[in-house]
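Only the coordinates and a few stated rules stand behind these numbers; no lab work does. Please read these numbers as outputs of a predicted model, since none were measured by experiment.
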Amino acid sequence: MKKLTLLLALALASVSAFAQEIDKIGARSSSDYAGGSGGTSSRNTGFGVKGGFNLADVYGDNKKNYTDGSNYKSFHAGVYGQYGFNSHLSIQPELLYSRQGFKGGSTYNNGTSTTTVNERRLDYVQLPVLLVYNIVDNVSIHAGPQVSLLTKVVEDGKERKIANEGNVYGYSYNSLDYGLAVGAEARVGPARVGARYTAGFADVINNQVAVTGNKAIDDIKNSVFQVYLGLGFAR
């Protein structure tokens, strides 16, 4: 968690520095874009595509029960829409596919057999709804809630069911996650580059059975740092 927070701070500093360089070369301001609906002169009304890199992990009380933990590196991609209320404030819903997960060994049993898993891949369809505020013409910060639907689970390269039907696996995965996203973004014309951190509030794993001693693995939540590139189209 501390590493991800540090990475986010460094990325946001890079975004700010990038935007300052943009200003030096005369990037277009918000008034250079056609106004959206309602007569606003903001370029914050439109839609676009985006994608980038995920550095995923988990946090929670039971993370200590996983051995040799490390980040899971993958990607996200999707589309967004944006409506500008004025030249500074807008709302931005997104629809994303995000491949997340985490590395860390855990041993569990379903009452009859014992299995060890070292890497988990979690594929989500996500809907963040963000409030965006332009600090200056080419830099904005954003924050808002996010809902995620788990569509696929892969453990050590082998796909498994999300649910623990018939107590085959010893635990199930939570198909619904919800949390908070916060980040910053810089723009050059229709292009954008940004960094974001998302924290899930729902447990990734639930309904664990046959727990002994300190082997509980269910109190963990998603933690993802993202960097991305996007291309927008003003409406």
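Report ³J(HN,Hα) in whole Hz for each residue of region 185-190, in order, from the Karplus equation J = 6.51 cos²θ - 1.76 cosθ + 1.60 where θ = phi - 60°; Gly and Pro get x.
Rounded to whole hertz, the list is 8, 10, 10, 10, x, x.
Report, in listed order, any pair from 64/158; 73/152; 50/161 with a Cα-Cα distance greater than 21 Å.
Working: 64/158 24 Å; 73/152 17 Å; 50/161 29 Å.
Going by Cα-Cα distance, 64/158; 50/161 fall outside the 21 Å limit.
Give the long-range amide H neighbours of residue 119: residues separated by 5 or more places, or on another chain, with amide H under 5 Å away, using H modelled in the peptide plane at 1.01 Å from N.
For residue 119, the qualifying residues are 104, 156.
What do you get when you divide the Cα radius of gyration of region 94-235 by 2.2 N^0.38 Å, with N the number of residues?
Numbers: Rg = 18.4 Å, N = 142, 2.2 N^0.38 = 14.5 Å.
Cα-based Rg divided by the globular estimate yields 1.27.
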